[in-house]
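The values are calculated or read from the model by the stated rules, or taken from the named source; none is laboratory data. None of the values given here were measured: they were computed from a predicted structure. As a convention, Cβ positions derive from the backbone with ideal geometry for all residues, glycine included, and neighbour counts pool all protein chains shown. All accessible areas refer to the heavy atoms of the entire protein, side chains included, with ligands and DNA or RNA removed. Shrake-Rupley method; radii C 1.70, N 1.55, O 1.52, S 1.80 Å.
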Amino acid sequence: QVQLVESGGDLVQPGGSLRLSCVLTGNFFRLYTMAWYRQAPGKQRDLVAAITRLNEINYADSVKGRFTISKDNDKNTVFLQMNNLEPEDTAVYYCHASAGTLAYWGQGTQVTVSS
């Protein structure tokens with residue numbers, strides 16, 4: 001049974017930084033495409049960043065140059081380094097893992113950017 005456990009969400013001031021982590025419990029982590037999504041109140045869940053098993057990376061335009069996705073295959077963990085945070089980044093951030101027809105979601109972690 002695959003589970004995703006996120007951590008690192010917090011309240012931060014505009015211009016601040018946070019690093020989110022997501023640990024996958026299960027096997028074959030290196031075969032998954034790992035991604036971060038976010039959902040603000042009243043809005044749809046949108047892709048923030050993704051990294052494939054071949055380390056191909058893509059970002060939403062709104063976070064390019066500010067966020068960095070990375071992973072550690074030995075620790076079954078994917079990270080999202082978020083710099084220069086803006087109030088518009090406030091949302092619940094969800095970790096997602098996919099491989100073929102398999103797909104899993106984490107429970108989400110709250111990021112609030114406010115002064």
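Please report the net charge: other residues with Cβ closer than 15 Å to the Cβ of Arg53, K and R +1, D and E -1. Taking every other residue near Arg53 into account, the sum is -1. For segment 60-107, the spread of Cα positions along the three principal axes, ordered from largest to smallest, is 33, 21, 19 Å. Here the Karplus curve 6.51 cos²θ - 1.76 cosθ + 1.60, taken at θ = phi - 60°, turns the phi angles of segment 107-115 into couplings of 8, x, 9, 7, 10, 10, 10, 7, 8 Hz, with x standing for Gly and Pro. Remark: the Gln81-Asp61 segment gains 5.6 nm on full extension, using 0.36 nm per residue and subtracting the alpha carbon distance.
What's the extension gain from Asp72 to Ser21 if we count 0.36 nm per residue and subtract their Cα-Cα distance? Present the calculation step by step, with values, prior to reporting the outcome.
Working: separation 51, 0.36 × 51 = 18.36 nm, distance 1.05 nm.
Stretched out fully, the Asp72 to Ser21 stretch lengthens by 17.3 nm.
Each of Ser17, Thr109, Ala40 was placed along the dipole of the chain (beta-carbon charges, centred on the mean Cα), and the one lying farthest toward the positive end is Thr109. Rounded to the nearest Hz, the phi-derived 3J(HN,Hα) couplings of segment 86-97 under the Karplus curve 6.51 cos²θ - 1.76 cosθ + 1.60 (θ = phi - 60°) are 10, x, 5, 7, 4, 4, 8, 9, 10, 8, 9, 10, where x marks glycine and proline. Its alpha carbons considered, segment 31-77 gives a radius of gyration followed by a Dmax of 11.8, 37 Å. Taking Tyr94, Tyr104, Tyr59 in turn, the Gaussian network model of the chain (Cα-Cα springs below 10 Å) assigns the largest fluctuation to Tyr104. Which net charge results for the neighbourhood of Ser114, defined as the other residues with beta-carbon distances under 13 angstrom from its beta-carbon, given Lys and Arg at +1 and Asp and Glu at -1? Net local charge, Ser114 excluded: -4.
Of the trypsin sites (Lys or Arg not before Pro) found in segment 16-115, those that fall in a DSSP loop while having at most 16 other beta-carbon atoms within 10 Å are Lys43, Arg45, Arg53, Lys64, Arg66.
Grab the beta carbon distance between Tyr104 and Asp10, set R0 = 30 Å, and tell me the FRET efficiency rounded to 0.05. Walk me through the numbers on the way to the answer.
Numbers: r = 24 Å, r/R0 = 0.80.
Working from the Cβ atoms, E equals 0.80.
The charge dipole of the chain, taken about its Cα centre with unit charges on the Cβ atoms of Lys, Arg (+1), Asp and Glu (-1) only, comes to about 220 debye.
Computed in the context of the full set of protein chains, the accessible area of the chain at 1.4 Å probe radius has 47% of its extent on carbon or sulfur.
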